[in-house]
1. Within 14 Å of another protein chain (Cβ to nearest Cβ), β-branched (Val, Ile, Thr), in contact (Cβ under 8 Å) with a residue 12 or more places away in the chain and touching a Pro at 6+ places or on another chain (Cβ under 6 Å): does that describe B:Ile100?
2. Return the residues of the range A:187-204 that are surrounded by 24 or more Cβ atoms within 10 Å (Cβ to Cβ) and in contact with a Ser or Thr (Cβ under 7 Å, 6 or more places away or on another chain); say none if nothing qualifies.
3. Could you say whether any residue in the range B:77-86 is within 14 Å of chain A (Cβ to nearest Cβ) and either at pLDDT below 95 or in contact with a strand residue (DSSP E or B) (Cβ under 7 Å, 6 or more places away or on another chain) (or both)?
4. Would you confirm whether or not the range B:40-51 contains a residue that is under 15 Å from A:Lys378 (Cα atoms), aromatic (Phe, Trp, Tyr) and surrounded by 24 or more Cβ atoms within 10 Å (Cβ to Cβ)?
5. Of all residues being hydrophobic (A, V, I, L, M, F, W, C) and farther than 30 Å from B:Gly29 by Cβ in the range A:344-367, which is farthest from the chain's Cα centre (by Cα)? Just the residue, please.
6. When the residues of the range B:1-39 are filtered to those that are crowded, with 17+ Cβ neighbours inside 10 Å and among the small types (Gly, Ala, Ser), which remaining residue is farthest from the other protein chains (Cβ to nearest Cβ)?
7. When the range A:130-149 is examined, which residues are found to be crowded, with 24+ Cβ neighbours inside 10 Å and part of a loop (DSSP other than H, G, I, E, B)?
8. Answer with yes or no whether A:Ile352 is assigned to a strand (DSSP E or B), within 14 Å of another protein chain (Cβ to nearest Cβ) and either under 28 Å from A:Leu183 (Cα atoms) or not hydroxyl-bearing (Ser, Thr, Tyr) (or both).
Amino acid sequence: MSRKIYLDNAATTRVKKEVIDEMRSYFDEMYGNPSSQLYELGRKSKEAIENARHTVAEFINADDKELYFTAGGTESDNWAIKGVAFANKKKGNHIITTKIEHHAVIHTCEYLEKFGFETTYLDVDKHGMIDLEQLKSSIRPETILISVMYANNEIGTIQPIEKIGEIAHEHGIIFHTDAVQALGGVRINVKKQHIDLMSMSAHKVGGPKGIGGMYIRKGVKIDNFIHGGGQERGKRAGTEGVQNIVGFGKAIELVQRDFDEHVEKLTAMRNKLIEGITSNIPDIVLNGHPTARLPNNVNFSYRYVEGESILLLLDMEGISASSGSACTSGSLDPSHVLLATGLDHGTAHGSIRFTLSEETTEEDIDFVIETMKKIIEKLRKISPLNK
Amino acid sequence: MYTETVMDHFRNPRNVGSIENPDGVGQVGNAKCGDIMKIYLKINNDIVEDAKFETFGCGSAIASSSMATELIKGKSINEAVELSNKAVVEALGGLPPVKIHCSVLAEQAIKSALYDYAQKNNKVIKGLENYKPEDEEVSCH
């Protein structure tokens with residue numbers, strides 16, 4: 001029982017050794033405040049931040065000055081939506097987003113509704129894909145922001161970001177995308193894809209927790225988010241978490257270095273797991289898109305059984321995964337994402353997500369398939385539903 | 001998050017399955033809420049000779065069904081009807097607050113199966129005189 005297989009990499013990832021090595025000296029050697037420019041210790045910190053900024057900006061084809069560091073993906077989403085809404089409220093009060101966004105986006109939009117903003121939540125099809133025609137017909141003269149996530153955290157569906165960006169810009173609307181899950185799994189080019197604002201997080205790509213980024217295209221009208229000193233050009237004040245920024249930069253450097261090989265390996269592994277589960281377990285539904293999906297995402301619903309029971313049995317075999325069942329979230333309903341794809345509640349309760357990493361091996365995949373087969377058989381024997 | 005007793009009853013649930021020609025059957029919950037419990041009873045001379053269950057639900061729902069069936073086996077129907085969700089929780093060594101509804105479901109499933117037995121045999125079980133199975137469906141927790 002010593003085997004441990006971590007397949008919840010969409011929740012968070014192990015911080016890579018090279019990242020920790022890079023961060024280490026910024027705790028006790030180069031600990032200067034980057035705002036203290038009159039001595040070397042401070043200048044070293046500032047230089048480290050700017051190097052990391054360059055690495056991250058280059059990776060998404062942004063200019064260094066368009067990249068801001070934040071405390072993470074949730075903060076970036078909050079900033080993008082509130083910042084654009086309040087800065088552009090004279091122009092309009094309408095926001096378009098989707099029913100499958102992360103709560104960092106949905107709850108922020110709901111908050112803005114208290115201030116007179118209106119939100120349209122776009123539907124998705126059974127694969128979790130939005131309809132571009134519905135997007136177009138939802139645009140009003142007072143629409144100021146379109147926020148559509150790049151790739152979904154639960155089902156891995158990748159949206160047609162470039163087309164959404166084109167539509168937004170044809171109408172002079174600001175386009176934000178939450179790319180927290182997409183970063184490292186797909187090639188992002190903010191200029192080519194007409195992205196104005198983009199949220200990122202380090203801990204999903206082998207970096208530390210508590211640090212993220214936001215791309216803000218030059219010229220986009222957005223309010224400053226954290227008021228205070230002049231850090232991040234006054235837009236996001238507060239002494240920078242230098243060691244975290246350094247870690248984020250290093251993580252992206254590694255993602256960049258291994259990108260093609262990484263995506264190819266994960267995709268093969270993902271397909272092996274999808275095929276293995278499909279051919280070994282009956283009465284299942286693949287959640288998400290068959291091809292336009294993140295290279296590390298596998299999400300199935302297993303009819304007649306409930307997700308928390310599956311997770312507990314997986315844990316006993318040393319396998320970590322997650323579920324869209326209400327029982328695992330402490331809420332009344334199963335995942336809003338699964339319900340938006342049209343799954344009934346019962347089937348949504350039986351969903352399990354596996355998200356792979358470069359540490360995942362072929363043997364792990366074989367073991368997971370074999371274990372899932374046993375678990376589902378066991379729970380279905382207990383269940384009154386498939387009789 | 002779960003006690004050892006809960007995990008034991010979840011891992012190795014007692015009394016899983018159905019009973020052929022049961023003397024009483026009760027089903028509560030629904031798939032929308034994420035848990036369904038079905039209890040089968042074999043009753044002889046008003047004694048619960050055997051109890052089996054089938055459950056769709058989380059770990060604590062399965063453990064609650066297992067424990068509840070254990071607690072009523074060998075009991076008279078008048079004793080079985082008094083089984084409370086609190087007794088199930090205590091026997092399990094406790095449940096997290098958000099999972100208490102699982103024990104409520106187990107209590108209701110047993111009452112529903114006993115009611116079914118009483119209906120079929122023109123009996124009145126003390127405590128179930130005014131029982132209406134449809135009223136006992138717990139709403140989503």
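The values are calculated or read from the model by the stated rules, or taken from the named source; none is laboratory data. Fair warning: this is a prediction, and the values are worked out from it, not measured in the lab. Glycine gets a Cβ as well: all are built from the backbone with ideal geometry, and neighbour counts include every protein chain shown.
1. So B:Ile100 fails the test.
2. A:Ile195, A:Met198, A:Ser199, A:Met200, A:Lys204
3. no
4. No; the residues of the range B:40-51 include none that is under 15 Å from A:Lys378 (Cα atoms), aromatic (Phe, Trp, Tyr) and surrounded by 24 or more Cβ atoms within 10 Å (Cβ to Cβ).
5. A:Phe367
6. Restricting to residues being crowded, with 17+ Cβ neighbours inside 10 Å and among the small types (Gly, Ala, Ser), the top hit is B:Gly24.
7. A:Met149
8. Answer is yes for this residue.
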